Amino acid sequence: MITQENIDTILSSGGNVVDAQGTKIGAVGQVYLDDQTGEPNWVTAKTGLFGTSESFVPLEGASATDVAVRYTKDQVKDAPRVEADGSLSPEEEERLYRHYGLGSGSRDTTGTNTTGTDTTGTDTTGFEPGFQPGDERLDRSRQGGTVGHDTSGPTTDDAMTRSEEQLRVGTERREAGRARLRKYVVTENVTTTVPVRREEVRIEREPITDANRGDALDGPAISEEEHEVVLHEEQVVVDKEAVPVERVRLDKETVQSQETVSGEVRKEKIEMLDADTPGNADRR
């Protein structure tokens with residue numbers, strides 16, 4: 001159970017909010033107090049990219065070690081978005097109670113920032129209790145306190161805070177596509193030249209000489225004869241054989257490129273208006 005005495009320790013030590021299984025949800029942002037009892041009942045956990053978001057988590061049933069709450073990390077991240085501006089309206093608190101399955105709790109919860117300062121019950125009007133309009137005796141500007149007072153709301157201190165939005169740019173890994181290998185069969189014509197040989201007949205004549213005279217006179221002097229010669233030729237024979245020619249595989253490589261990101265950001269400006277000379281201002 002986290003009590004008022006634990007707040008300074010939690011905020012000054014830079015603790016974390018962890019879920020029921022001990023998984024870190026985010027760093028402790030602010031602790032919110034019940035305006036009626038003064039006891040802490042909400043804590044914000046810094047989540048999101050670079051911890052730019054704050055999610056509200058009930059402190060009911062939480063322990064003081066690293067603010068161990070009894071809710072899961074996903075449940076906290078899915079909590080309704082509420083601006084961590086120092087207080088919770090009844091409507092905002094009701095939405096949070098419904099999300100965590102709790103009954104309606106106390107209203108007008110006030111937050112304590114990371115300095116550990118309890119803002120509950122603090123008089124922020126800029127004057128001492130008992131001040132009446134025109135009572136210059138109690139003006140804190142004469143007592144060394146806040147100089148002047150806020151005309152737009154309760155006086156808090158002697159300065160305005162100027163804020164501006166900044167771009168937080170990161171990257172995330174996502175699937176961009178898929179590639180696969182597929183093998184299929186195509187048919188194409190192949191033309192090649194093959195040398196072939198064939199035999200042709202030709203007539204050779206030779207004169208009668210002493211060397212062939214005997215062969216020439218062998219047989220009848222006058223007769224009819226036939227002589228036959230077998231001719232040969234080569235023919236092209238086509239056959240096919242499947243042979244491996246190469247191996248193909250898929251591989252990946254990482255390439256890096258530059259992308260320019262732009263976005264609109266808002267910033268606050270503060271100007272000093274001279275009450276005696278309308279339109280005369282010192283802008284910042």
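For the pair Asp210 and Val245, label points projected 7 Å from Cα toward Cβ lie 6.9 nm apart. The length gained by stretching the chain between Asp74 and Gln4 to full extension, at 0.36 nm per residue less their Cα-Cα distance, is 22.5 nm.
Just subtract the alpha-carbon distance of Arg178 and Val265 from 0.36 nm times their residue separation and send over the number in nm, one decimal. Mind showing how you got there, number by number?
Values: separation 87, 0.36 × 87 = 31.32 nm, distance 3.64 nm.
Taking Arg178 through Val265 to full extension adds about 27.7 nm, to one decimal.
So if R0 is 41 Å, what FRET efficiency would Thr193 and Glu228 give, r being the distance between their Cβ atoms, rounded to the nearest 0.05?
On the way: r = 34 Å, r/R0 = 0.82.
Efficiency for this residue pair is about 0.75.
On a straight-distance basis, which lysines could pair with Lys77 in a cross-link, Cα separation under 27 angstrom, same-chain partners fewer than 8 positions away excluded? Reachable lysines: Lys24, Lys46.
Rule-based calculations on the coordinates, nothing more; no lab input. Since this is a predicted model, take the numbers as computed values, not measurements. Note: ideal-geometry Cβ built from the backbone for every residue, glycine included; neighbour counts use all protein chains shown.
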